Amino acid sequence: MADIIITINAGSSSIKFSAYRIAQGQLTQLALGQIDGIGGKAHFCVKKAGGEKTGFDFDQSHGAVDHRAGLAAVLGWLESEGDGANVVGVGHRVVHGGPVYAEPVLVDDFVLTKLKSFEPLAPLHQPYNLAGVEAAREAFPGAAQVACFDTAFHRRHTFIADTYALPRAYYDQGVRRYGFHGLSYEFIHRILRHEEPVLARGKVVVAHLGNGASMCAINAGKSVGSTMGFTALDGLPMGTRCGQLDPGVVLYLMAENKMSAAEITDLLYKNSGLKGMSGISNDVRELEASGEKSARDALDYFVSRVRRNIGGLSAELGGLDCLVLTGGIGENAVNIRRKILENMEWFGIQIDFDANARNERIISEKGSPTVVMILKTDEERMIAAHTAELLDLKKPLVPPLQ
Ligand code: ADP
């Protein structure tokens, strides 16, 4: 029987999971699933590779369903498939590795305590990620638990790239630009290394444009800058998050509107960005379909901030050999991509707009000083690969990552 690796992305009210078989140095995805309604009326749903979606509602008779019950159900499903006993590793998406972790890590009691100490840095995600780790330790006691961090890829930044212009004591306390979406950037860079090794050794900007959005400057495989900072609020406007904001706005809202920290948190995380600006939706497709000016304004603002950051990150790199667009918007939104990339010839970006309309892998013209690519990201697979590598099941991981 082949070894199985599970990936877990545990949030406050949902757990996303996937299962991979690892054999002959290849990871094969077997299934992708989700449990919604954690803490209340929960529903289990799974889709096997090439199969139909199946699911069920949890039995509520013993109270609300927690992370532990959720992962017990994942184990139950695997056992029903005959794979439960072979789970050798569980890879967890953990948002914050603090200033400490620059790589994925095997979780033991010491590491778990350390990760809990980072909860104040990401209070909306870290506690739930760790609830998932604790639940998985119970459900899969024979499997190694591996924490994979959104921050780790950025941890080798210089002090200058990571600090704010505050007294040094705040940096020492942990107030730094951590950057996020690291698993996505790492995955994209591995693909690039495999498919375009010369470009991968150069100066690369990756724009991860999804509901959450950020950009990363990568020099010779190393992250040197990110648009996200201390939290995942900074940088680009997102589905519901504001992106870069003058901190003076927060002070003003506190003083003039008497808003509390909780109210401002709600505004900046859940009611800003595309949703807040448009008053319609956080979804690019809905905004593109809308005839409202506020929808156009929100998309134009998004485009303008991406363009601005292409410039900023390229300046940080001292040039730009390759620009990669990824995430739901980067991979699919033809018109947004066109607006981001048009009139950039002066900068060295020459786009083949027909190739863009056809969603081709390379959308820049032959001879364009900067090669522009569309690559599909896969954070789950990156977590599974890290887990396999840490268990030495598959070392080194080489694409094609199928
Ligand atoms: P998440 O960060 O939640 O993983 P995704 O990477 O799935 O988000 O990206 C979601 C965004 O991608 C949404 O704004 C959605 O409208 C957009 N998107 C997906 N497909 C298309 C498409 N064909 N055209 C335009 N936008 C799209």
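The values are calculated or read from the model by the stated rules, or taken from the named source; none is laboratory data. Fair warning: this is a prediction, and the values are worked out from it, not measured in the lab. Positions of Cβ are backbone-derived with ideal geometry, glycine not excepted, and every protein chain shown enters the neighbour counts. The area values use the complete protein model at the heavy-atom level, side chains included, leaving out ligands, DNA and RNA. Shrake-Rupley method; radii C 1.70, N 1.55, O 1.52, S 1.80 Å.
A few comments on the model shown:
- The residue that is surrounded by the most Cβ atoms within 10 Å (Cβ to Cβ), among those in region 200-230 that are part of a loop (DSSP other than H, G, I, E, B) and within 16 Å of the ligand (Cβ to nearest atom), is Met228.
- Condition met for Asn359 (out of contact with any Leu (no Cβ under 7 Å at 6 or more places or on another chain), on the phi > 0 side of the Ramachandran plot and within 13 Å of the ligand (Cβ to nearest atom)): yes
Residue by residue, here is whether (1) away from the ligand (no atom under 16 Å from the Cβ); (2) assigned by the TED database to the domain that holds Ala207; (3) polar (S, T, N, Q); (4) surrounded by fewer than 16 Cβ atoms within 10 Å (Cβ to Cβ) holds:
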position	(1), (2), (3), (4)
Gly243	no, yes, no, no
Glu256	yes, yes, no, yes
Ser260	yes, yes, yes, yes
Thr265	yes, yes, yes, yes
Glu288	no, yes, no, yes
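- Only one of Ser272, Ser278, Ser294 that is crowded, with 16+ Cβ neighbours inside 10 Å and more than 14 Å from the ligand (Cβ to nearest atom): Ser272
- Residue count, region 332-351 (criterion: more than 16 Å from the ligand (Cβ to nearest atom), among the hydrophobic types (A, V, I, L, M, F, W, C) and in contact with a helix residue (DSSP H, G or I) (Cβ under 9 Å, 6 or more places away or on another chain)): 4
- Residues (charged (D, E, K, R) and buried (at least 18 other Cβ atoms within 10 Å of the Cβ)) located in region 316-335: Asp321
- For region 301-315, a residue qualifies if it is within 16 Å of the ligand (Cβ to nearest atom) and buried (at least 22 other Cβ atoms within 10 Å of the Cβ), and the qualifying residues are Phe302, Val306.
- Looking across Gly319, Gly327, one residue alone is within 16 Å of the ligand (Cβ to nearest atom) and not hydroxyl-bearing (Ser, Thr, Tyr). It is Gly327.
Results for (1) assigned to a helix (DSSP H, G or I); (2) surrounded by fewer than 23 Cβ atoms within 10 Å (Cβ to Cβ); (3) touching a Pro at 6+ places or on another chain (Cβ under 9 Å), shown as yes or no for each residue.
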residue	(1), (2), (3)
Ala131	yes, yes, no
Cys148	no, no, yes
Phe153	yes, no, no
His157	no, yes, no
Ile160	yes, yes, no
Tyr164	no, yes, no
Arg177	no, yes, no
Phe180	no, no, no
Phe187	yes, no, no
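- Pairs where the first residue, in region 329-341, is among the hydrophobic types (A, V, I, L, M, F, W, C) and the second is within 8 Å of the ligand (Cβ to nearest atom) and at pLDDT below 95, C-beta under 9 Å, 6+ apart: none
- Sole exception among (1) of a type outside the set (A, V, I, L, M, F, W, C); (2) away from the ligand (no atom under 16 Å from the Cβ); (3) farther than 21 Å from Leu192 by Cβ; (4) under 24 Å from the mean Cα position of the chain (by Cα) for Asp354, by number: (4)
Matching residues to (1) within 19 Å of the chain's Cα centre (by Cα); (2) hydroxyl-bearing (Ser, Thr, Tyr); (3) at pLDDT 95 or above:
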| position | (1), (2), (3) |
| --- | --- |
| Ala10 | yes, no, yes |
| Asp59 | no, no, no |
| His67 | no, no, no |
| Glu81 | no, no, no |
| His92 | yes, no, yes |
| Tyr101 | yes, yes, yes |
| Phe110 | no, no, yes |
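- Search result, residues across region 24-45 that are without any contact (Cβ under 8 Å) to a residue 60 or more places away in the chain, closer than 15 Å to Thr7 by Cα and within 21 Å of the chain's Cα centre (by Cα): Ala31, Gly33, Gln34, Ile35
- Count of residues meeting criterion [open to solvent by 60 Å² or more (accessible area, probe 1.4 Å), assigned to a loop (DSSP other than H, G, I, E, B) and among the hydrophobic types (A, V, I, L, M, F, W, C)] in region 15-64: 2
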